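Trainee: Just passing along the structure, written as structure tokens.
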Amino acid sequence: MPLSLQDLQIKQVKNVITANPSILDLAAKFGLSEKDLINATVDYNLGPYSNDIYKKIETRFALLINNFIDGSWNQQRFIAVAELLKKIPVQPTRVLDIGYGIIEDYHRTLEKFTLELLLVDKYKSAQAFGDAFCSSENLKLSFAEADLDQMQAILPTDSFDLYILLDSLEHCEHSSDALKMLIQHSGPQSSFILSLPVCEKILAHSIAWETKKDLFSWLEIHGLIIQEAIEVFPNKEVDLFSRNLSELSDVIILAKSL
């Protein structure tokens with residue numbers, strides 16, 4: 001008898017943890033067990049859920065575990081981010097990453113040559129996880145807690161060279177206003193790297209785009225010039241969450257303001 005989707009997800013998580021035991025070492029700092037991580041990943045991947053799920057530190061571990069799934073769209077998405085980072089016309093020295101979720105490989109890359117790398121997230125769990133992760137990996141990153149809808153309060157006077165918004169705008173209550181505000185704050189040499197989903201509207205999202213054309217039009221109307229885009233699709237063999245969705249892709253975009 002074939003395994004259920006939930007049983008497949010549990011097996012997948014156990015395999016990742018077995019291959020990467022340091023995940024449990026990090027989880028122990030928060031008093032979390034392997035069972036806690038399994039349950040969190042099942043809840044996150046198989047949903048449905050609201051944005052409140054991001055308040056939980058366990059969800060940060062679900063994001064981390066997903067990064068270790070070989071052949072997953074998560075891995076392909078971050079390969080695309082790395083490719084676009086290489087194509088930014090001017091190497092950024094000041095970077096703002098909004099809704100970063102957890103520490104990713106591209107943060108390690110940026111840390112090497114940026115003078116300022118500020119990671120902002122709405123939820124306390126993001127910084128708590130980030131602090132613990134940086135301590136274990138000997139990384140030095142700066143964090144701030146702010147809602148994307150209220151970013152104006154923490155933005156410095158000077159613009160950033162690069163604004164990163166990976167799967168964050170669609171979770172914002174006022175996505176259009178937030179994007180307009182960041183574009184207004186940006187300078188003439190500033191770049192944007194965004195990732196946004198093309199899919200049916202789900203519970204945790206405030207906005208949806210049914211086609212890539214709709215998404216590009218929305219970005220252009222708000223004042224961005226798209227320089228390059230890479231579309232990534234889930235691998236239904238390993239991205240088990242995608243089996244519950246009819247159509248889904250993530251579009252990773254390099255852009256600049258008009």
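The values are calculated or read from the model by the stated rules, or taken from the named source; none is laboratory data. Everything quoted here is computed from the prediction, not taken from an experiment. Neighbour counts are summed over all protein chains in view; Cβ atoms, including those assigned to glycine, are modelled from backbone coordinates with ideal geometry. For the accessible areas, the whole protein counts, side chains as well, though only heavy atoms, and no ligand, DNA or RNA atoms are used. Shrake-Rupley method; radii C 1.70, N 1.55, O 1.52, S 1.80 Å.
Trainee: Can you tell me which residues in region 52-67 are basic (Lys, Arg), over 12 Å from the mean Cα position of the chain (by Cα) and either over 15 Å from Ala40 (Cα atoms) or assigned to a helix (DSSP H, G or I) (or both)?
Mentor: Lys55
Conditions (1) over 13 Å from the mean Cα position of the chain (by Cα); (2) of a type outside the set (S, T, N, Q), marked per residue:
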| site | (1), (2) |
| --- | --- |
| Leu46 | yes, yes |
| Tyr49 | yes, yes |
| Ile69 | yes, yes |
| Gln75 | no, no |
| Lys86 | yes, yes |
| Pro89 | yes, yes |
| Gly101 | no, yes |
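Trainee: Going by the structure shown, is Ile38 outside any helix (DSSP H, G or I) and open to solvent by less than 30 Å² (accessible area, probe 1.4 Å)? Lay out the reasoning, then the answer.
Mentor: Details: outside any helix (DSSP H, G or I): no; open to solvent by less than 30 Å² (accessible area, probe 1.4 Å): yes.
Answer is no for this residue.
Trainee: Follow-up question, since we're still on this one. Please verify whether Leu245 is of a type outside the set (Val, Ile, Thr) and farther than 30 Å from Asp7 by Cβ, treating the condition exactly as stated.
Mentor: no
Trainee: Going by the structure shown, is Glu145 open to solvent by less than 20 Å² (accessible area, probe 1.4 Å) and among the acidic types (Asp, Glu)?
Mentor: In short, no.
Trainee: So is Leu194 of a type outside the set (Val, Ile, Thr) and either farther than 24 Å from Leu85 by Cβ or not in a helix (DSSP H, G or I) (or both) or not?
Mentor: yes
Trainee: Exactly one of (1) open to solvent by 10 Å² or more (accessible area, probe 1.4 Å); (2) of a type in the set (Ser, Thr, Tyr); (3) touching a Lys or Arg at 6+ places or on another chain (Cβ under 9 Å); (4) under 23 Å from Gln76 (Cβ atoms) is unmet by Thr109. Its number?
Mentor: (3)
Trainee: Assuming Ile183 fulfils every condition listed in (1) part of a loop (DSSP other than H, G, I, E, B); (2) at pLDDT 90 or above; (3) more than 16 Å from the chain's Cα centre (by Cα); (4) of a type outside the set (Gly, Ala, Ser) apart from one, which condition is it?
Mentor: For Ile183, the failing item is (1).
Trainee: Looking only at residues in region 45-68 that are modelled with pLDDT of 95 or more and among the aromatic types (Phe, Trp, Tyr), which one is surrounded by the most Cβ atoms within 10 Å (Cβ to Cβ)?
Mentor: Phe61
Trainee: List the residue pairs whose Cβ atoms are under 8 Å apart, where the first residue sits in region 2-30 and is at pLDDT 95 or above and of a type in the set (A, V, I, L, M, F, W, C), the second is part of a loop (DSSP other than H, G, I, E, B) and open to solvent by less than 40 Å² (accessible area, probe 1.4 Å), and the two are 6 or more positions apart or on different chains.
Mentor: Val16/Ile69
Trainee: While we're looking at this one, here's another question. What pairs come up if the first residue lies in region 154-172 and is free of Cβ contacts under 8 Å to residues at least 24 places away in the same chain and within 11 Å of Ile98 (Cβ to Cβ), the second is open to solvent by 20 Å² or more (accessible area, probe 1.4 Å) and among the small types (Gly, Ala, Ser), and their beta carbons are under 7 Å apart, counting only those six or more places apart or on different chains?
Mentor: none
Trainee: Here's another thing I want to ask about it. Any residue that is touching a residue at least 24 places away in the same chain (Cβ under 8 Å), surrounded by 20 or more Cβ atoms within 10 Å (Cβ to Cβ) and assigned to a loop (DSSP other than H, G, I, E, B) - is there at least one of those in region 83-94?
Mentor: Yes, that holds for at least one residue.
Trainee: Filter region 96-124 down to the residues that are over 11 Å from Leu165 (Cα atoms) and hydrophobic (A, V, I, L, M, F, W, C) and list them by number.
Mentor: Once the filter is applied, which keeps residues that are over 11 Å from Leu165 (Cα atoms) and hydrophobic (A, V, I, L, M, F, W, C), region 96-124 yields Ile102, Ile103, Leu110, Phe113, Leu115, Leu117, Leu118.
Trainee: Further question on the same structure: Considering only region 163-180, state which residues are in a loop (DSSP other than H, G, I, E, B), crowded, with 21+ Cβ neighbours inside 10 Å and out of contact with any Gly (no Cβ under 7 Å at 6 or more places or on another chain).
Mentor: If the condition is that a residue be in a loop (DSSP other than H, G, I, E, B), crowded, with 21+ Cβ neighbours inside 10 Å and out of contact with any Gly (no Cβ under 7 Å at 6 or more places or on another chain), then Cys172 is the only one that fits.
Trainee: Now, a different point. Within region 186-215, which residues are within 19 Å of Gln91 (Cα to Cα) and either loosely packed, with under 15 Cβ neighbours inside 10 Å or of a type outside the set (Ser, Thr, Tyr) (or both)?
Mentor: Gly187, Pro188, Gln189, Phe192, Ile193, Leu194
Trainee: So, in region 216-229, how many residues would count as being loosely packed, with under 15 Cβ neighbours inside 10 Å and either assigned to a strand (DSSP E or B) or in contact with a Pro (Cβ under 6 Å, 6 or more places away or on another chain) (or both)?
Mentor: 2
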